[in-house]
Amino acid sequence: GAEVVFSVDCTKLKDYFSPEKRDFDCIYFNFPHCGRKAGVVKNRELLAHFFHGCAEVLAEEGEVHVALCNGQGGTPADQPRREWHNSWQIVAVAAGAGFVLSNVHPFNAETIHGYQCTGYRSQDKSFCVEGALNHVFTRSTPPPCSKPRSCETQLGSQKVSFRVPQVLVDKINRGFLEPDSNHPVWTVKEKLTAGLSQAFPLQSSDSCLPLLQQGHLHGACHSSVFWVTLSPGETPSTEDMSHRPANAALSSHDEFCQDTDKSEHEGCHIPEQFYLRPSLLPHAQAIIQEGDFPPGTLHVLSGPVFRKCRVTPHSMPVFHEMLIVFAVNRGTEDSCIQMLVNTIQTTIHSLHQAASGTKPNLTLQEAMTSEPPEPSDFAAFESQLSKIQYFICMETDPADCTLGVLRTSRGLTSSELVVVFASLNLDLLAMLLCGIPDWRMLWTRDTRFLRQFPRGELRLFKSFSLYPPSYVHDVSFWVPDGEQFDEVAFHTLARRVSGETVVSIQLRDSFQQPGTGRRSLCYRLTFQSCDRALSCREAAEMQLRFREQIRQHLGVTLR
């Protein structure tokens, strides 16, 4: 009952099928080849045209299956693996047409009824299919929205709107912690809260925490926060701002926050009065100063926080913070802190074992110096806010990962009480518990991510984009004379221009010209997407835009 069509040009599939017959669920191409002794370049071109043809006739959730001989694909699944330049580079070629590799498995000719292997050098002879692989491709989601947008938030008793920083356009107000969410970050928060409530009296304050804060920043570097501008005519009145979180400047108590050296901010122009909250600490201080703060009761706050940071595997410009605050009698803080950490550890162990069958090792490391166990922007920024007593770490290979920090403060409520603050990065915890290798996956718009997590359950994540291609580009430039180069701004521009597809930025060379003293820097950028198709051409275009952006905004002279 099937319709069979002969002499079909695989690069022009839409020409052979009427529109009502084009939504194919599966398209198979077993061992494509240009014929005779065609080289890898010609066969890449054949595949490129084939994938573009598939994009025109494939159903939205359809699959493209391509079988290749061992080594041709150029992925780690090939054993042995060919050198990249000598392979067909099938994943990168498919990305050019908007496809990602979602599965790869051995091609077993014996299981396909009636299949015969033929066509060796365009002859009626069989060729070797031992070790051959079937590559399964699916459609990628389109690039994230890059259009400017405004966001509305409550500030005091007034609703205001502001222009969202470009790097955060696709991450603002995503609702991961909303009551109807099934996002793994929400599940981690709920499970942790439930575990803590079994050991301590607990009050949770998740809603109505304003995204914006106002005032001078003590301790935190101004270049690490996102400054915003309110829409015209929406500046809150003095009466409205009297209801903002007490000490929105992040410190009002000398013992709670240490001042930052003034030299750090010399020449640092603060363009706006309002900024996206980099921490939930001001809201915790508001709770303390309101007076309803009985000793021994945990106050749990959670929500997204925003910080400019360098591009590293565990550094996120936005993540969901859980802040645990409680007061204890002086002299009992050490035992209470250990009890808190033990409760967190027991809960995480239980969650991790349920998801993966293993138990991670959570440790509490005393902050003997200002350096965290693993240098990270998360811990470094927390150190700016106030002195850290302990790092909450997960022992992983190859290095420890800082999941949270713990600090204490005396005299905030009374001389007899010590207030304990524990800050946890819920996004890092979700990644650890579900085996999610890349923080960007938490923010994907691809529905295949959330489908893997039934509400209230944590499961091991299975990637739907295997072996994504990476593209390396270098950029070198002269730094303006007499100016300190702002590397955080450099990394933030890379995030903004690339839509978070830059996964690595490495300083390759620093050169000072004899005589003039001019300084030149050379950086290497690696572009790679974890959830969508990224083509070589798209990465090259991003690199050109990035060069122009750093010239405009950082005043560098390109080389």
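The values are calculated or read from the model by the stated rules, or taken from the named source; none is laboratory data. Small disclaimer: the values here were computed from a predicted structure and weren't measured. Quick reminder, even Gly has a Cβ in these numbers, built from the backbone with ideal geometry, and neighbours come from all protein chains shown. Just so you know, the surface numbers come from the protein's heavy atoms only, side chains and all, with ligands and any DNA or RNA stripped out. Shrake-Rupley method; radii C 1.70, N 1.55, O 1.52, S 1.80 Å.
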*Multiply the residue separation of ASN134 and ARG559 by 0.36 nm, subtract the distance between their alpha-carbon atoms, and state the gained length in nm to one decimal.*
148.5 nm
*What are the semi-axes of the equivalent ellipsoid of segment 471-558, taken as the square roots of 5 times the eigenvalues of the Cα gyration tensor, listed largest first and rounded to whole Å?*
26, 12, 10
*How much of the accessible area of segment 13-139, probe 1.4 Å, is carbon plus sulfur, in whole percent?*
48 percent
*At 7 Å along the Cα-to-beta-carbon direction for both PHE31 and ARG455, put a label point, then send me their distance in nm to one decimal.*
5.1 nm
*Sort TYR467, TYR115 from largest to smallest accessible area, using a 1.4 Å probe on the heavy atoms of the protein chains.*
TYR467, TYR115
_If I stretch the segment between GLN198 and VAL41 completely, what's the gain in nm (0.36 nm per residue apart, minus their alpha carbon distance), one decimal?_
50.2 nm
*Determine the order of LYS171, LYS147 by accessible area, beginning with the largest, at a probe radius of 1.4 Å.*
LYS147, LYS171
*Excluding residues fewer than 8 places away in the same chain, name every one of the lysines whose C-alpha is closer than 18 Å to that of LYS147.*
LYS171
*Once you have all Cα-Cα distances for segment 50-173, histogram them in 5 Å bins from zero and send the whole-percent values.*
2, 9, 14, 14, 13, 13, 8, 6, 5, 5, 5, 3, 2, 1, 1, 0, 0
_Theoretical gain in end-to-end length, ASP9 to ARG545 [0.36 nm per residue, Cα-Cα removed]_ = 189.2 nm
*Across segment 320-334, in residue order, what do the Karplus-derived ³J(HN,Hα) couplings come to in whole Hz, using 6.51 cos²θ - 1.76 cosθ + 1.60 with θ = phi - 60° and x for Gly and Pro?*
9, 9, 10, 10, 10, 10, 7, 10, 9, 5, 4, x, 10, 5, 5
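Rank-order 279-289, 477-487 by packing density, defined as the average count of other C-beta atoms within 10 Å over each peptide's residues, highest first.
Ranked by mean Cβ neighbours within 10 Å, highest first: 279-289, 477-487.
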_Leaving out ligands and nucleic acids, and using a 1.4 Å probe, what accessible area per residue does segment 401-559 come to in Å²?_
43 Å²
*Over the heavy atoms of ASP15, what accessible area does a 1.4 Å probe trace out, to the nearest 10 Å²?*
100 Å²
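Could you order HIS349, HIS65 so the one with the most accessible surface comes first? Probe is 1.4 Å.
HIS349, HIS65
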*Ordered by residue, what ³J(HN,Hα) values in Hz, to whole numbers, does segment 509-514 give under the Karplus form 6.51 cos²θ - 1.76 cosθ + 1.60, where θ = phi - 60° and Gly and Pro are x?*
7, 10, 10, 10, 6, x
*Can you work out ³J(HN,Hα) from phi for every residue in segment 157-174, in order, using Karplus 6.51 cos²θ - 1.76 cosθ + 1.60 and θ = phi - 60°, giving whole Hz and x for Gly and Pro?*
9, 10, 8, 10, 10, 8, 7, 6, x, 4, 5, 10, 4, 8, 10, 7, 6, 7
_Quick check: Cα centre of segment 17-72 to Cα centre of segment 497-559, how many Å?_
34 Å
_Could you work out what % of the accessible surface of segment 471-558 is carbon and sulfur, using a 1.4 angstrom probe and leaving DNA, RNA and ligands out of the count?_
44 percent
_Taking 8 Å as the Cα distance limit and 6 or more residues as the minimum spacing, I'd like the relative contact order of segment 408-483 as a percentage._
18 percent
_Built amide H within the under 5 Å cut-off of LEU211, gap 5+_ = GLN154
